[in-house]
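The values are calculated or read from the model by the stated rules, or taken from the named source; none is laboratory data. Values in this document were obtained by computation on a predicted structure and should not be read as measured data. Don't worry about glycine lacking a Cβ; one is built from the backbone with ideal geometry, like all the others, and counts go over all protein chains shown. Quick note on the areas: whole protein, heavy atoms, side chains included, nothing else; ligands and nucleic acids left out. Shrake-Rupley method; radii C 1.70, N 1.55, O 1.52, S 1.80 Å.
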Amino acid sequence: MSRLLGRELVVGISPCGEPNAALVVGVARAGGWGVLDLGRDGHRARDALAEVCRWWSGEFGVRVPVGCPLSPADLPDQVEVVVCGPGSGWCPVAGRRVWVEVVSVTEAHAAVRAGASGLIAKGAESGGRVGSTSTFVLVQQLLADPQVRVPVWAVGGVGLHTAAAVVAGGAAGVVLDSQLALVAEVGLPEPVAAAVRVMDGSETAVVGGYRVYSRPGVDHGDPATIAARLGGGDLSGLPVGQDGAFAAGLAARFGTAGGVVSAVRAAVAAALPAAARGAARGELPWVVQGPMTRVSDQASFAAAVAAGGGMPCVALSLMSGEQARVLLEQTAVALGERAWGVGVLGFAPPEVRQAQLAVVHRVRPPYMVIAGAHPGQVAGLEAAGIATLVHVPSPGLLDQFLAVGARRFVFEGRECGGHVGPRASFPLWEQQVAHLLAFDDAHGGASGWEVLLAGGIHDERSAAMVSALAAPLTERGARVGVLMGTAYLFTEEAVSAGAIRPGFQRAALECQATVLLETAPGHATRCADTPFVHTFRRTRDRLTTTGVPREQMWAELEELNLGRLRIAAKGLRRQGTGLVAVTEADQHREGMVMLGEIATLRHAPTTIAELHTQVTEGAAEFLAGRVSELGLADRSEPVPARPLDVAIVGMAGVFPGAPDLPAFWANVLAGVDAITEVPVDRWDPAVYPGLPGWGGFLPEVPFDALAYGIPPAALASIEP
């Protein structure tokens, strides 16, 4: 393995806000960087520190949570790294490295100014204190920022495949916490362990700025006090991220913290060169322009995407059957023999959906992208000769689609624009890739799959990260690509082809942050922070204050949103039975600018050709450079390991200075030197001066010779 993939590649923090010496030592012994969460109980923290020092003679780290009663003076000399939050008062600490957990670029800048030697990019999907930015996007923001001149680690949604993505993107490594909750060393209380064991990633919520376990029947109490209850050993304040859903699978496969650390290291070392080899063979990502409501509804824009080498998809949204017919026929003529697709909402009103599908069957575009589908819908479209890519937002739903024969999928993370699902890209992609690989192991067929990853992809770095993440699928023959929507809003052709008005693109270029507008629990839309956002929030606050029932509030907020995207994108407002143009000022004030989190990363216009080059050839060059930098470029083709079934049914032994295994292990941990001078009952160095004077010698071994039928007189000539 590369010398640059050292201890700091994988950082393991004792999970759930609790001190756990055994886990820290297990991570360290496996070649990772063990970090002890000190928690909020001073006695437990000191005991755990002493245990780590007794079992491990090397350096390790500590995490200092809010409310920790210890001070830097309480730390033993073996503590090399301190992990803390911004403004904790622990940065800097003399003689130690300080890694600061940050949830935004602003916090990162402040931490670097304060003297942080490293940053931990804490995505919104991680457990405990979080911001609004996902791990995938936050890592990109920090690595691209010239003010961030220190190493960056990623925490949140990290598994075997996303770890490879993080390192491919340029980060120093990854942090594991919730993922380790069920390994052998942890020992959570059984009610807590049982809850984590069945997680699928949907069981968490952000309460008072902290992501914690959340299910029906779990009372979080006052959100303002949630920080004080983190790590309390019960479900009400359990700081667990969406990646808690990985814990059961990792524990079942690898058993211990050391096993997980070794697996992550191996996955990173294998995936990066595999992805680079594929790119060198010309296996570049399949580029698909995602269907965007009120944006990708122009045949001329679809033609521009296709001319740039991508596959365009027009969006039917809530069009009538006649409107859909006109758009599809125009697109079919404009595209000719080139591949294109149509986006349909499976949850549209039945009469709308049926009229649209009738047109789709008549025109027969090569591809369909469908969101909100049920498994039965896909089979009928495939049977009609329309390759159907289905949005699958959860691992449970993926299993259902696989069971009915679906083989084309879109995995879109919460970072995307418009209506968003509950899972961020990293936790969603990690689970879906793992499920696909397991299905292929059991049933085969990976070479017939088409998989698109979406949410936060837009340039060389992000596409290189996706290539590394998906390398296990591409090596099995699956066709993997990127589906982008927001990135196209920055292209010159989006305006010139009439997809959006100049004001919409201007709002995208000026976007510094995105927000989620929630009309009801589970119904959220990501958009730019424009004047309409304030209108929406004032309306929601008024409805909440006046005690409007939830159903009525949802209906009124949805009505408020209706037509706002058309105003922003096309500069048109519905008036009576027709559409009228609005001024640029009205467009800015009243429009809802739907876009994804990558808008915070792009601030200059581009062209479709440049965009496509970035995510294909550019990503391949970025990946090759990263592989070379890490010293992985000369790795030969991996040799598949031969699986072995090994059962250890018992262990025993006698060693120098130790009559049994417990004594031997205690000597190893204590660093005991069992080399001694030769005992005179073995041989006398004075009589035999040519023999060594030092060695390791077994102790006397009590042995009942008669019980084994051996004459006692024969023992002198038998080895102990």
(message) Here is a list: Thr519, Thr525. Which entry is assigned to a strand (DSSP E or B), touching a Gly at 6+ places or on another chain (Cβ under 9 Å) and more than 30 Å from Ala269 (Cβ to Cβ)?
(response) Thr525
(request) Considering only residues that are in contact with a Leu (Cβ under 7 Å, 6 or more places away or on another chain) and modelled with pLDDT of 95 or more, look in segment 364-392 and name the one that is most open to solvent (accessible area, probe 1.4 Å). (result) Tyr367
(message) Please determine whether any residue of segment 430-437 is free of Cβ contacts under 8 Å to residues at least 40 places away in the same chain, more than 25 Å from Glu597 (Cα to Cα), in a helix (DSSP H, G or I) and touching a helix residue (DSSP H, G or I) at 6+ places or on another chain (Cβ under 9 Å).
(response) yes
(request) Any chance you could count how many residues in segment 52-70 are free of Cβ contacts under 8 Å to residues at least 60 places away in the same chain and open to solvent by 60 Å² or more (accessible area, probe 1.4 Å)? (result) 2
(message) I need every pair where a residue in segment 326-339 that is more than 14 Å from Ile386 (Cβ to Cβ) has its Cβ under 7 Å from the Cβ of a residue that is open to solvent by 40 Å² or more (accessible area, probe 1.4 Å) and acidic (Asp, Glu), sequence separation at least 6 or different chains.
(response) none
(message) Of everything in segment 73-116, what is polar (S, T, N, Q), assigned to a loop (DSSP other than H, G, I, E, B) and at pLDDT 95 or above? Give them in sequence order.
(response) Gln78, Ser104
(message) Given the options Ala379, Ala406, name the one that is part of a loop (DSSP other than H, G, I, E, B), farther than 21 Å from Gly244 by Cβ and either touching a strand residue (DSSP E or B) at 6+ places or on another chain (Cβ under 7 Å) or not hydroxyl-bearing (Ser, Thr, Tyr) (or both).
(response) Ala406
(request) Report, by residue number, each residue of segment 71-104 that is open to solvent by 20 Å² or more (accessible area, probe 1.4 Å) and of a type in the set (A, V, I, L, M). (result) Ala73, Ala94
(request) Pull up segment 425-443, narrow it to residues that are among the aliphatic types (A, V, I, L, M) and either closer than 16 Å to Leu160 by Cα or modelled with pLDDT under 95 (or both), then point me to the one that is most open to solvent (accessible area, probe 1.4 Å). (result) Ala438
(request) State whether one or more residues within segment 315-330 are at pLDDT 95 or above, polar (S, T, N, Q) and open to solvent by less than 20 Å² (accessible area, probe 1.4 Å). (result) no
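So that you can scan it fast, the table gives a plain yes or no per residue for (1) touching a His at 6+ places or on another chain (Cβ under 6 Å); (2) open to solvent by less than 10 Å² (accessible area, probe 1.4 Å):
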| position | (1), (2) |
| --- | --- |
| Val174 | no, yes |
| Glu185 | no, no |
| Thr204 | no, no |
| Val207 | yes, no |
| Gly259 | no, no |
(request) Only one of these is open to solvent by less than 80 Å² (accessible area, probe 1.4 Å) and in contact with a strand residue (DSSP E or B) (Cβ under 6 Å, 6 or more places away or on another chain): Thr519, Thr539, Thr535, Thr514. Name it. (result) Thr514
(request) Would you mind stating whether Ala464 is at pLDDT 95 or above and surrounded by fewer than 22 Cβ atoms within 10 Å (Cβ to Cβ)? (result) no
(message) Please go through segment 409-452 and give me each residue that is among the aliphatic types (A, V, I, L, M) and farther than 27 Å from Gly244 by Cβ, ordered by number.
(response) Ala446
(message) Can you confirm whether Gly241 is buried (at least 23 other Cβ atoms within 10 Å of the Cβ) and within 21 Å of Phe136 (Cα to Cα)?
(response) yes
(message) When the residues of segment 187-198 are narrowed to those that are surrounded by fewer than 22 Cβ atoms within 10 Å (Cβ to Cβ) and among the hydrophobic types (A, V, I, L, M, F, W, C), which ends up nearest to Val83 (Cα to Cα)?
(response) Leu188
(request) Determine, yes or no, whether Arg501 is out of contact with any Phe, Trp or Tyr (no Cβ under 6 Å at 6 or more places or on another chain) and either open to solvent by 40 Å² or more (accessible area, probe 1.4 Å) or more than 22 Å from Arg566 (Cα to Cα) (or both). (result) yes
